[in-house]
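Here the structure comes first, spelled out in structure tokens, and everything after it is commentary.
We did not get these values from a lab; they are worked out from the coordinates using the rules stated. Just so you know, these numbers come straight off a predicted model, no measurement behind them. Glycine also receives a Cβ, built like all others from the backbone with ideal geometry; neighbour counts cover every protein chain displayed.
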Amino acid sequence: MNLVGIGYDVHRFAENRALILGGVNIPHTHGLDGHSDADVLCHAIADAILGAIGERDIGHHFPNTDPECKGMSSLEIVRRAVELVTEQGGRLNNIDCTLIAEAPKIGPHLEAMKSKLAAVLSLEPKRVGIKATTNERLGFLGRQEGIAAMAVASVELP
Ligand code: MG
């Protein structure tokens, strides 16, 4: 049975934080605010996977009140979502996602993000789609107040 899931997340920029996207540290004037490492891309991907297999969202599995989750790498969150797929006897087919940000430029980091995510997802890098777009300077994303991410996951379950 082929199932799909959707994920969306947004985090606001904050000073004195590292910017981590897809598990990759990206040099920028600001990082993202959050309880974990605030990797907005990983969060959207994890929610897409959880949605595909009928699980509750990452806020349920990784509550931001849990001291264990504080500062944790969000690649671990994705890894746990993939484990839940495996526990149901399933496997991922592919992931596709879009980052929405005016800055920084994502292009130079795309391949590094793809290979990090592919390893955690147990997918070929070709099965991990990552696109980036600006918000045409419109709204909170256009004012560079944060970064948003959307993701879909396709999962094969027995
Ligand atoms: Mg989040």
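Data overview
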read-out	value
Evaluated at q = 0.18, 0.19 Å⁻¹: base-10 log I(q)/I(0), Debye formula over Cα of the range 33-107	-0.75, -0.82
Principal semi-axes in Å for the range 95-158 [√(5λ), Cα gyration tensor, largest first]	26, 14, 8
Label-point separation in nm, A119 to L3, each point 7 Å along Cα→Cβ	2.9 nm
Spin-label zone in the range 110-129 - amide nitrogen under 17 Å from a point set 7 Å from the Cα of R80 along the C-beta vector	120-121
Equivalent-ellipsoid semi-axes of the chain, from the Cα gyration tensor, Å, largest first	25, 17, 14
Partner aspartates and glutamates for K114 [C-alpha distance under 13 Å; skip if fewer than 8 residues away on the same chain]	D96, E124
Linear extension gain, D96 paired with E111, 0.36 nm per residue minus alpha-carbon span	4.0 nm
Sites E87 and D57, calculated FRET efficiency, Cβ-Cβ separation with R0 22 Å, nearest 0.05	0.80
Computed over the range 2-156: relative contact order in percent, which uses C-alpha pairs under 8 Å that are six or more apart	34 percent
Longest site-free stretch - the chain; sites: GluC sites (Glu not before Pro), DSSP loop, at most 11 other Cβ within 10 Å	16-135
